[in-house]
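The values are calculated or read from the model by the stated rules, or taken from the named source; none is laboratory data. This is a predicted model, so every value here is computed, not measured. Cβ atoms come from the backbone with ideal geometry, glycine included; neighbour counts cover every protein chain shown.
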């Protein structure tokens, strides 16, 4: 299994909730019965092999079940962690946006306020002819 899980959190949650291990087949219950020693040599050998194969299959099925449960738990944990991180990031982004917006409003208020406080001393009459414009000295 990889060291990290990167996916959509909804997909990870769905995956982890639907991942289930298969049920142990009823044939694995034969493990508890003793080896059949009656009959021909071949029958006895087949009975011993059957017990060995059944034990091996039971061990494999148990290991796979444990791995599936572990995988499901890891993915569910990752989905919850990513969801929490998404919420935290969204809150941080909203907080930052609010601060920037407040600074922008304060700047607009300051600019608007400073424009009203300074009276203009170079007002010129609107009825002055264009040829009478003052010339600057160089």
Any chance residue 37 is loosely packed, with under 11 Cβ neighbours inside 10 Å and touching a helix residue (DSSP H, G or I) at 6+ places or on another chain (Cβ under 7 Å): yes
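Taking the criterion of being surrounded by 13 or more Cβ atoms within 10 Å (Cβ to Cβ), within 30 Å of residue 18 (Cα to Cα), out of contact with any helix residue (DSSP H, G or I) (no Cβ under 8 Å at 6 or more places or on another chain) and at pLDDT 80 or above, would at least one residue in segment 57-64 satisfy it?
Filtering segment 57-64 down to residues surrounded by 13 or more Cβ atoms within 10 Å (Cβ to Cβ) leaves 57-58, 61-62.
From what is left, the residues that are within 30 Å of residue 18 (Cα to Cα) are 57-58, 61-62.
Add one more test, that the residue is out of contact with any helix residue (DSSP H, G or I) (no Cβ under 8 Å at 6 or more places or on another chain), and what stays is 62.
Add one more test, that the residue is at pLDDT 80 or above, and what stays is 62.
Within segment 57-64, one or more residues are surrounded by 13 or more Cβ atoms within 10 Å (Cβ to Cβ), within 30 Å of residue 18 (Cα to Cα), out of contact with any helix residue (DSSP H, G or I) (no Cβ under 8 Å at 6 or more places or on another chain) and at pLDDT 80 or above.
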Of the criteria (1) modelled with pLDDT of 85 or more; (2) surrounded by 13 or more Cβ atoms within 10 Å (Cβ to Cβ), which one residue 12 fails: (1)
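Right, residue 31: modelled with pLDDT under 85, surrounded by 10 or more Cβ atoms within 10 Å (Cβ to Cβ) and outside any loop (DSSP other than H, G, I, E, B) or not? Let's see the steps before the verdict.
Values: modelled with pLDDT under 85: yes; surrounded by 10 or more Cβ atoms within 10 Å (Cβ to Cβ): yes; outside any loop (DSSP other than H, G, I, E, B): yes.
For residue 31, the condition - modelled with pLDDT under 85, surrounded by 10 or more Cβ atoms within 10 Å (Cβ to Cβ) and outside any loop (DSSP other than H, G, I, E, B) - is met.
Mind checking which residues of segment 8-28 are farther than 15 Å from residue 65 by Cα and within 24 Å of the chain's Cα centre (by Cα)?
The initial filter retains those residues of segment 8-28 that are farther than 15 Å from residue 65 by Cα, namely 8-15, 26-27.
Scanning segment 8-28 gives 8, 9, 10, 11, 12, 13, 14, 15.
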Checklist (1) modelled with pLDDT under 85; (2) surrounded by 13 or more Cβ atoms within 10 Å (Cβ to Cβ); (3) over 20 Å from the mean Cα position of the chain (by Cα) applied to residue 82, failing item: (3)
